[in-house]
Amino acid sequence: MHDKPQVFGYIEGWLSVVINVFLFGFKYWAGIKSDSVAMIADAWHTMSDSFTSVIILVSFWIASRPADKHHPFGHGRAEAIGAIIIGTLLAIVGLTFFKESILRLQNYQAANFATLAIVVFGISVILKEALAQFSIWAGKKIHSQALLADGWHHRSDAIASGLIVIGALSGVWWIDGVMGIFVSVLILYATYEILKDAVSSLLGERPEPIIEDKIKNLVTNIAPAASCLHHLHMHRYGDHVELTLHIKLPYEMNLKEAHDLATRVEEAIRKGMKVEPTVHIEPRNEAEELNYHPSE
């Protein structure tokens, strides 16, 4: 049985897959009937949402697996790897339809928007915004960046569909090519956001200043004798976060005292930050000892 946070992820994932597959079929049919590159591009944008949701389902499953001897920090980064795969596929789709839209403008090729096609895309706006609302709500509730990202992916599709409806109602010959370019750019921007976050997570990110300040306050409260907190590194593996930091202690402090203090610091950080900390201790040299003023 899945725990509650995972249930939200699985519900959002499956709901997204089912709705997006149906919408893709209707949108693609509408695009073919209207001979509209913008509509076909948006249909594939919708299908990409299904792929993203499948990746979320798989990543939730992989990330939930416990740590093993080959992966001592768990499997939380499976989500980032999947996001890179999706981002790459999205980039190919976006570039392909961008090129096709440019050619359509160069050849003065207009689309023949069918009334039923406009209705299909209007319904899509409503459904995709509803999916976005649910995904963002679930993401905030369980603190899942993946669900929040998927929500904004749904919203970008809703915006694209809405613009296509507006363009179709305008009746201008060049509107299909222009909307096709806009949707392609929207796809490429979504690709950039997905890849940026995923790659940054895998490369390792510096903790935000507010997190650094909270850690420094915890260390100062538990170990007033500690100074020069440095080499603060945070490594995220999904929900599992590893934190390493160095502190300097009086050089005359014996090994047991230093070890006990470091252990207390680790316990405080573990409880206060919900991370797995490792504290490395170093002795202050005599010059540092003379300049050390804990009250400052």
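Data for the structure
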| quantity | calculated |
| --- | --- |
| Residue ID - nearest to the chain's Cα centre (by Cα), chosen from residues in region 166-180 that are surrounded by 20 or more Cβ atoms within 10 Å (Cβ to Cβ) and among the hydrophobic types (A, V, I, L, M, F, W, C) | Met179 |
| From the options Ile62, Ile19, residue that is closer than 30 Å to Val178 by Cα, outside the structural domain of Glu276 (by TED's automatic domain parsing), at pLDDT 75 or above and not hydroxyl-bearing (Ser, Thr, Tyr) | Ile19 |
| Selection count, region 190-229, where residues are over 30 Å from Ala258 (Cβ atoms), among the aliphatic types (A, V, I, L, M) and surrounded by fewer than 16 Cβ atoms within 10 Å (Cβ to Cβ) | 3 |
| Answer residue from region 152-209, given it is at pLDDT 75 or above and aromatic (Phe, Trp, Tyr) and is nearest to Gly139 (Cα to Cα) among those | Trp152 |
| Where Met234 falls short, out of the listed (1) of a type in the set (A, V, I, L, M, F, W, C); (2) at pLDDT 80 or above; (3) in contact with a Leu (Cβ under 7 Å, 6 or more places away or on another chain); (4) surrounded by fewer than 18 Cβ atoms within 10 Å (Cβ to Cβ) | (4) |
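Okay, residues lined up against (1) closer than 17 Å to Thr88 by Cβ; (2) hydrophobic (A, V, I, L, M, F, W, C); (3) in contact (Cβ under 8 Å) with a residue 60 or more places away in the chain; (4) assigned to a helix (DSSP H, G or I):
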| residue | (1), (2), (3), (4) |
| --- | --- |
| Met179 | no, yes, yes, yes |
| Leu188 | yes, yes, yes, yes |
| Glu193 | yes, no, no, yes |
| Lys196 | yes, no, no, yes |
| Ser200 | yes, no, no, yes |
| Arg206 | no, no, no, no |
| Ile211 | no, yes, yes, yes |
| Leu218 | no, yes, no, yes |
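The values are calculated or read from the model by the stated rules, or taken from the named source; none is laboratory data. Note that the coordinates shown come from a computational prediction; the quantities given were computed from them, not determined experimentally. Neighbour counts are summed over all protein chains in view; Cβ atoms, including those assigned to glycine, are modelled from backbone coordinates with ideal geometry.
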